[in-house]
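The values are calculated or read from the model by the stated rules, or taken from the named source; none is laboratory data. This structure is a prediction, so every number in the text was calculated from the model and none was measured. FYI the Cβ positions are ideal-geometry reconstructions off the backbone, even for glycines, and counts take in every protein chain you see. Note: accessible area is taken over every heavy atom of the protein model, side chains too, but ligands, DNA and RNA are not part of it. Shrake-Rupley method; radii C 1.70, N 1.55, O 1.52, S 1.80 Å.
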Amino acid sequence: MNSVIFKLICESVIFIAAIIIAFVSNKKDKKVVMVFAILTGVAAFASSFIINDVPKPHINRETDYSAVVLSVDEPLDIEYRISTNGDSSNEWIKYDKPFKLERSAIIYARAKTLWYTSEEEYRAAYLSENGLVYFGSAEEPSDTILSISASYNIKDPIVNKQAGNHYEGYEIKKEDISVTGISIKGEEKEIKNFSYSPRILKLGKNTIKVEYSIADEMSISSNLFVNGDTPALIKLSSKYIGGNVYLDTKLDSTSFSVKGTYEDGTQKDITGFLISPTEVKEGKNIITVSKDGLSDTVEINAIDRETITESEVEPNDEISSANDIDVNVKYSGNLKDEDDVDYYRLYIKQKGNIYIKLSHPKIDDGGTFWNVSFLSQDEKPIVELDSTGKNVETTSSKARVSAGVYYIKVTNNYYSKEKYTLSTLFEEEDDSYESEPNDDLNNQAMIINLDKKYTGNLTTEDDIDYYKFTLNEKRKVWIDFSHQKTSTRDTLWTLSLLGDSEGSILSLNSTGENANLTSDGVRLPAGNYYLKINDYYWSDMDYSFCINSKKEGDDFETEENNDYGTATKISFDSSIIGNVQSEDDVDFYRFDLKNSSSINISFSHEQFDSRDTYWCYQLYSAKSSEAIKSNEDETTVYIKGDSSSTVSNNWSSLKSGTYYIKVYKYYYCNNDYTISLLE
């Protein structure tokens, strides 16, 4: 209900109530009250015709300027009249739809309900030559803008001077936008007084709203689309930052510093670039650095290592004054007296293997003249060599090292004033090679992955290599081990597979002439395990190994099941595959009988040509200490290599309860067997 109708109803109620009060008050001493009530009601009703609260209507136009539109804030009738050239008509017309004008005029409008009317609203309207309506008198209708269009003025960057205006994060300025308006006469005009938002470009498509306010406090708008870019790389600047370049140097991205200049004038360090060639020749080399279709060149001079020998610089008698040297370069020095010590320092950038080589003029003496030690940063010896007078060139055993700082210490045993030539022969290696130090199981064991080949060596006679791997689920595991074949039948390496608990799970010995061997397979539960490799007769020859693994399901035994308390559960009408995985291994399986019953146990394996007995199994109850005899009057069932693929035995009238099947070796065999249980 609108406010005017509500006001009328209220006033009518007051008038009627006053009349009723007047008539029911019939006592003589109430005549004054009656007169007052009548006057009050009449006054309230009469005021309805005097007081006017009807809202005024609004005079607007269609969005295309073609007609006049009248509206009011409440659901009331609207009337209008038109005055042209000062000729004002008193005729009010009921408004029912937008109407067109025939000429410029003043439009009057009022709202009406019952006998209520609003105050009049009026508005001057101009009519353009093409029949469009314009309100106001500040401008001629021909100046009114009907629509606008906007464009973005793309500015490319000027390198090292200014950035462009179409990059992510750029704050849009007004001069970046051009706005054109079309007037009601169809004329094109440049628009200066416009607003726009947002003002900051983001990466990708940006929608910028451009608005222009028109005279009647309305506005027209247009959308501007700007693509926010990341600045393109336009220039590369490269330089070589490595050390001396030798004939056998292999270049990579770590040897170069590359900066890129972008469209917005900024400079950044560049990664992921390519270099070519990566191998250098002696003398001048032009290396091309490239990225995203751009390139830069760097000139590098490479030296043949064999043609140069650097000289020791004294004093270098303390580790703090050690001469800095490069790997794979010869250095000449000498001990100036019996008390002299020469120290050298080298920085190794990547893990790899290293030898120390010392040469000198031949001396007719079999005694040791030079002692050379390759030291870690904390001065602990890694490898050592002794050079005698008659042996003009001596090479140390191979050591595997991680990236870091190392030292070489040269001292005398018997003094000689002869010059020596020292070189460190280094070769980079990836993570498939052993990382020293790994001599301590608890603190240094190298973390390895299953089913991946690794290479290592024993640096000295006292060296032990430990490797650690983790099983996240039970798996079958076996080890492949290989090395370069030699003629010796002596055992050179001993391997032990260890768990977190004490004792070896399996062992493996490798002789010099047995270049490839594979261990037995063992079934292991989830947990941490270690491979220990040490020498029997020492050799610093490389070895390789792989910890192979295979996932197995619920139909395989679960180790460790070496006693009653850890027995693997087996169900009736099912089978479990197991194996005796070491000389000392015993496998227990448990099942429950709910009622007295007879059972059948079948044992099967892959037949092979041997009449020897390899497996034995027995049946125990939880309440007995002795094996239970089968129907064949056997307490122990023996399985030979050439036995039938399946050997079955029966037990009758077993009482309800828990029972165990115990499988153990007679002669050791790592082959799988299958236990089946039938009721």
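At-a-glance table
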quantity: Exposure ranking of His58, His166 by accessible area [1.4 Å probe, largest first]; calculated: His58, His166
quantity: Computed P(r) (all Cα pairs; the chain; 10 Å bins; percent); calculated: 2, 9, 10, 10, 9, 8, 8, 8, 7, 8, 8, 7, 3, 1, 0, 0, 0
quantity: About the Cα centre, charge dipole magnitude for segment 295-414 (Lys/Arg +1, Asp/Glu -1 at Cβ), debye; calculated: 720
quantity: Phe556 accessible area, 1.4 Å probe, all protein chains in place, Å² to nearest 10; calculated: 30
quantity: Overall dimensions of segment 191-297 as given by Cα atoms, namely Rg and Dmax in Å; calculated: 24.6, 83
quantity: Helix 3-24 vs. the chain, principal-axis angle (Cα, 0 to 90°, nearest 10); calculated: 60
quantity: Folded to 0 to 90 degrees: helix 31-50 orientation relative to the chain principal axis, Cα; calculated: 70
quantity: For the chain, size of Cβ-based charge dipole, Lys and Arg +1, Asp and Glu -1, in debye; calculated: 4240
quantity: Ordering of 448-459, 201-212 by burial proxy (mean other Cβ atoms within 10 Å per residue, highest first); calculated: 448-459, 201-212
quantity: Simple Cβ-charge dipole of segment 414-500, Lys/Arg +1 and Asp/Glu -1, about Cα centre, in debye nearest 20; calculated: 360
quantity: Lysine pairs in segment 612-679 with Cα atoms under 20 Å, if 8 or more residues apart or on separate chains; calculated: 8
quantity: Pairs of lysine residues in segment 204-333 - Cα separation under 27 Å, sequence separation of 8 or more or cross-chain; calculated: 29
quantity: Protection proxy ranking, peptides 627-640, 465-478, average beta carbon neighbours within 10 Å, highest first; calculated: 465-478, 627-640
quantity: Share, in percent, of DSSP beta bridges within the chain that are antiparallel, nearest 5; calculated: 95
quantity: Considering only segment 280-433, percent of DSSP beta bridges that pair antiparallel, nearest 5; calculated: 90
quantity: Ellipticity estimate at 222 nm from DSSP helix runs (n ≥ 4, -39,500 (n - 2.57)) divided over the chain, nearest 500; calculated: -2000 deg cm²/dmol
quantity: Cβ crowding within 10 Å averaged over residues, with 601-611, 574-584 ranked highest first; calculated: 574-584, 601-611
quantity: Estimated FRET transfer efficiency when R0 is 35 angstrom, pair Glu418-Lys453 (beta carbons, to 0.05); calculated: 0.20
quantity: Sequence-separation-based contact order of the chain, relative, with Cα cut under 8 Å and 6+ spacing, percent; calculated: 6
quantity: Added length on full extension, which subtracts the Cα-Cα distance from 0.36 nm per residue, Asn528 to Phe99; calculated: 145.4 nm
quantity: Asp463, Asp386, reordered so the largest accessible area comes first (probe 1.4 Å); calculated: Asp386, Asp463
quantity: Whole-percent pair-distance distribution, where bins are 5 Å wide, for the alpha carbons of segment 545-601; calculated: 4, 15, 23, 22, 18, 10, 5, 2, 1, 1, 0
